[in-house]
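S.K.: Take a look at the following structure, please.
The values are calculated or read from the model by the stated rules, or taken from the named source; none is laboratory data. As the structure is a computational prediction, the values presented were derived from the model and not from experiment. Methodologically, a virtual Cβ is constructed for each residue, glycine included, from the backbone with ideal geometry; neighbour enumeration extends over all protein chains shown.
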Amino acid sequence: MNKKLRDELVHHAIAAKEHSYSPYSKFRVGAAVLTDDQVIFSGSNVENASYGLAICAERNAIFQAAHAGKRKIVAVAVSSDEKGFITPCGACRQVISEFANGDTEIVLVTADGKTKSVQFEKLFPTPPKLEKLKK
Ligand code: THU
């Protein structure tokens, strides 16, 4: 991913955080994904009075891309209000793995806009493969 696209992806993740619906945790997260045809989709975390029904920003963004017909994700940016870097939860790693590969770049973004990239295979080294079930 070139610098311009990376900057744009980070910008979208930060902007998405503004739409977070997180009255219970007060923990805002924004995510943005870049597809292989260079389209960006974003999402934020959306919580619920039934706590377990909260959806993370990463999955929200990925589902937007999937619904638009996209099937390959080359980068994901995740932004929060934390001073340090937060990484996607286990459920989101699993969902990312459906549309990503080991080289997919995960861009972590702190509250003050510092960024760090991690290769997806470092976060999720052994994704389950159910190729036989795919049509
Ligand atoms: N959350 C995300 O959206 N993404 C993450 O990577 C970590 C956690 C959300 C879920 C919940 O709404 C809140 O942050 C606190 O866990």
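S.K.: Being within 10 Å of the ligand (Cβ to nearest atom), touching a helix residue (DSSP H, G or I) at 6+ places or on another chain (Cβ under 6 Å) and modelled with pLDDT of 95 or more narrows it down to one of Cys89, Cys56, so name that one.
M.R.: Details: Cys89 fails: touching a helix residue (DSSP H, G or I) at 6+ places or on another chain (Cβ under 6 Å).
The match here is Cys56.
S.K.: Is it the case that Val78 is touching a Pro at 6+ places or on another chain (Cβ under 8 Å), touching a residue at least 40 places away in the same chain (Cβ under 8 Å) and within 29 Å of Lys134 (Cβ to Cβ)?
M.R.: So Val78 passes the test.
S.K.: On to the next question. Quick one: Ile55 ticks every box in (1) crowded, with 18+ Cβ neighbours inside 10 Å; (2) under 25 Å from Lys129 (Cα atoms) bar one, so which box is it?
M.R.: (1)
S.K.: Follow-up. Select from the range 21-44 the residues that are closer than 16 Å to Thr110 by Cα and either outside any loop (DSSP other than H, G, I, E, B) or among the polar types (S, T, N, Q) (or both) and list them in ascending order.
M.R.: Within the range 21-44, Val29, Gly30, Ala31, Ala32, Ser44 qualify.
S.K.: Something else now. From the list Ala49, Ala111, which one is in contact with a Lys or Arg (Cβ under 9 Å, 6 or more places away or on another chain), in a loop (DSSP other than H, G, I, E, B) and surrounded by fewer than 16 Cβ atoms within 10 Å (Cβ to Cβ)?
M.R.: Ala111
S.K.: Which one is surrounded by the fewest Cβ atoms within 10 Å (Cβ to Cβ), of the residues in the range 58-81 that are aliphatic (A, V, I, L, M), under 10 Å from the mean Cα position of the chain (by Cα) and part of a helix (DSSP H, G or I)?
M.R.: Filtering first and then ranking leaves Ile62.
S.K.: Sticking with this structure for a sec: Taking Val33 and the conditions (1) within 16 Å of the ligand (Cβ to nearest atom); (2) within 20 Å of Gly102 (Cβ to Cβ); (3) surrounded by fewer than 24 Cβ atoms within 10 Å (Cβ to Cβ), which numbered condition does it fall short on, given that it satisfies the others?
M.R.: (3)
S.K.: Next up: Only one of (1) under 30 Å from Leu130 (Cα atoms); (2) more than 10 Å from the ligand (Cβ to nearest atom); (3) crowded, with 20+ Cβ neighbours inside 10 Å; (4) touching a residue at least 60 places away in the same chain (Cβ under 8 Å) is not met by His12, so which one is it?
M.R.: Checking His12 against (1) under 30 Å from Leu130 (Cα atoms); (2) more than 10 Å from the ligand (Cβ to nearest atom); (3) crowded, with 20+ Cβ neighbours inside 10 Å; (4) touching a residue at least 60 places away in the same chain (Cβ under 8 Å), the one that fails is (1).
S.K.: When you go through (1) in contact with a Phe, Trp or Tyr (Cβ under 6 Å, 6 or more places away or on another chain); (2) farther than 24 Å from Glu18 by Cβ one by one for Lys116, which number turns out not to apply?
M.R.: It fails just one condition, (2).
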